[in-house]
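Scroll down for the structure; my scribbles are underneath it.
What follows draws every value from the coordinates through simple rules; no lab data is involved. Just so we're clear, the structure is a prediction, and the values are computed from it rather than from any experiment. No Cβ is skipped: glycine too gets one built from the backbone with ideal geometry, and neighbour counts run over all protein chains shown.
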Amino acid sequence: MSDLSDRMERARRNAEAGAQPPPEAPAHRAAPVAPPVPEQGPPESFGAELRVVDPLAAFKSRAVETLFDRIGSRINDSGLTEDQLNGFVREELTRIVAEEQLTLTSAERKRLIDDIVDDALGLGPLQRLLDNPDITEIMVNTHDAIYIERDGQISLTPLAFRDEEHLRRVIERIVGRVGRRIDERSPLVDARLLDGSRVNAVIPPLAVHGSSLNIRKFSETPFEVDDLIGFGTMTPAVADLLRACVEARLNVLVSGGTGTGKTTMLNVLSSFVPSNQRIVTIEDAIELKLRQRHVVTLESRPPNIEGEGQVTIRDLVRNALRMRPDRIIVGEVRGAEALDMLQAMNTGHEGSLSTLHANSPRDAISRLETMSLMAGMDLPMRAIREQVASALDVIIQIARLRDGTRRITAITEVLGMENDTVVLQDAFSFDYAAGIDQHGRFRGSQIPTGIRPRFTERFEELGIPYDLDGLGPAVASI
């Protein structure tokens, strides 16, 4: 047995006999403590074989209870800053740990206090995952099954909550901080962390085997266009075209599946908006991080416990029209608000940006038509298609490929109507024929189709600089 294991075993014996997990909790499902982990985050490889029983689990639970018994009122003191509260809690925990006379090294003692602070003030075992910048998504299937996404690949972690109640407390802590609620009457919720990370939680009875939690992390510093070029998401030629489209006030729709990077792309597109323009953003949960100063941020609100007070995305889109916006940015179009957004684009609010879930530009058009029908206006399908064709200028299609990378797979122009069909034309498409390299990564990138989009005429009219060479030699020679 290693020195660390010996010390942990001695510490377990020094803890009270009540430290054993309850009989109904199988040993292999008891809350584990991570094996030696670098300070910056969890170990590089995850798997079920890494699960171990935490010999100090019961002590950690008792320490949290003792902490709240001693200074519970101070923890809830709104006058303390986060740093003051953290320092205050650590001082008290240092005394609590010292009273137990555990045989630990200074590094182990610090790690123990860090774990207890995470339980008391943070998000328990998720805190170290949130602090690791390499992890982009955290998926809690049940209290003892926590997965992560890193570099586009999903893997199991050795971390776990002590039990279902522990997981529920963390979920309630998250949603409570942003004024949301979750209980048996409202068993699912969309929320956000203070850093803007997107949160979705589902509890029983909807989650049959126990509460489920999903956290989509966003970088504290939003990715910029150079970052996406470095990741291979787009080429410099595509980036230059998108910049010109936004500056020319074209209406742009970002389309893609779940986790493809639509919100990240929307952030990058918004960075091209001139700083002297008034922007109104509308989202279910605030995720966009715009750097311009003239920005009004609106967030929808679910109904309260009496079922009243709901404010939908559609309500906010309608209200935004009265706020004298130069640009309207809708985080994601999901329902009847699609019709209001299309009408806004067609009535002088050019340069609007939004996203939706779809697998191709053609599917994006179909989804917009379907969502517009949800508005209950009883409009003929042709009228809706004409709205779509005249409102939209460009569709950016994003996909997450098999290698885990996120790539733009098409830049598509909406040309208008031909009979009863919305006509689309690709300016760029992804080169799948380039194959895969030795590391399993797609070699391809966006290549021009050689067709000059009609909207480049608008670039010339407005004096927006754009080099037609980016669309291919055939276009440049026209």
Charge context of Gly444, other residues only, Cβ under 13 angstrom, K/R +1, D/E -1
+1
The extension gain from Ser275 to Gln292, computed as 0.36 nm times the residue separation minus the Cα-Cα distance, is 5.6 nm
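So, counting K/R as plus one and D/E as minus one, what does the shell of residues with Cβ under 11 Å around Gln425 add up to?
Numbers: positive: Arg452, Arg454; negative: Glu413, Asp426.
So the surrounding residues net to 0.
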Applying a 10 Å radius around every beta-carbon, put 386-397, 122-133 in order of their mean neighbour count, most first.
386-397, 122-133
Dividing the alpha-carbon radius of gyration of the stretch 218-289 by 2.2 N^0.38 Å (N being the number of residues), what value is obtained?
1.10
11 Å beta-carbon shell around Asp403, net charge (K/R +1, D/E -1):
+4
Please compute the length gained on full extension between Leu188 and Asp467, using 0.36 nm multiplied by the number of residues separating them and subtracting their Cα-Cα distance.
95.6 nm
Using R₀ = 60 Å, calculate the FRET efficiency as 1/(1 + (r/R₀)^6) where r is the Cβ-Cβ separation of Ser366 and Glu91; round to 0.05.
0.50
log₁₀ I(q)/I(0) of the stretch 136-266 at q = 0.10, 0.14, 0.15 Å⁻¹, via Debye over equal Cα point scatterers, no solvent, to two decimals?
-0.44, -0.75, -0.82
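Express in % the proportion of alpha carbon pairs of the stretch 311-464 at distances exceeding 22 Å.
On the way: 5721 of 11781 pairs.
Value for the stretch 311-464 (Cα pairs over 22 Å): 49 percent.
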